[in-house]
Amino acid sequence: MASGTVGKTRSQAQEVKKGMRSVLFVCSANICRSPMAMGLLRAKVMEEEGAWQIESAGVWAIPGNPAAINTQLLLQKRGIHLRDHISRQITEDMVGASNLVLVMEGNHKEALRVAFPEYASRIYLLSEMVGAQYDIEDPIGHSIEFYKIMENEIQRILIEGYDKIIQLAEAGTEN
């Protein structure tokens, strides 16, 4: 995991989140699950009042890859486009600029909490938004049907856990 920057100092990153709900979705490579979750949540909040910052990254991502074709195809059926998505590896600035970091697997949560202990209280499994603790399995290399199962599970969590997501995504807006 690189500890690079995305063009902002830590104080600038903190300013980004002021007055804004912010969520960072994290998976392994930033090409399947986290872009899927990012696209689904962006679509859900599009009609709401208030500013949102919804991004995605990967713990072990190789920067510059597009979203997986099956992720793109499923989201396109919902009218959501990831044409401009390119994978990025997580950085401390990304975590610092987010009030809520939602990871897909327990090993992602552990890795981020070790790498960025000062932000550990912001890092949750996506499944924790519905009072559970389980991994969202990586669909890479599986059929479109497997991707569809992953998409439906992420969508279910985003709907059922939406109030908790809002509460945690707003947590740093008064800072």
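Values quoted throughout were computed directly from the atomic coordinates according to the rules given, and no laboratory measurement underlies them. This structure is a prediction, so every number in the text was calculated from the model and none was measured.
Taking all Cα pairs closer than 8 Å and separated by 6 or more residues, the relative contact order of the chain comes to 29 percent. Across the stretch 111-175, the convex hull enclosing all Cα atoms gives 103 Å³ per residue. Taking 4 °C and 1.567 mPa s as conditions, the stretch 74-158 diffuses translationally at an estimated 90 µm²/s according to Stokes-Einstein applied to its Kirkwood radius (Cα pairs).
Work out the P(r) tail for the chain: percent of alpha carbon pairs separated by more than 19 Å, whole number. Across the chain, Cα pairs with separations above 19 Å total 52 percent.
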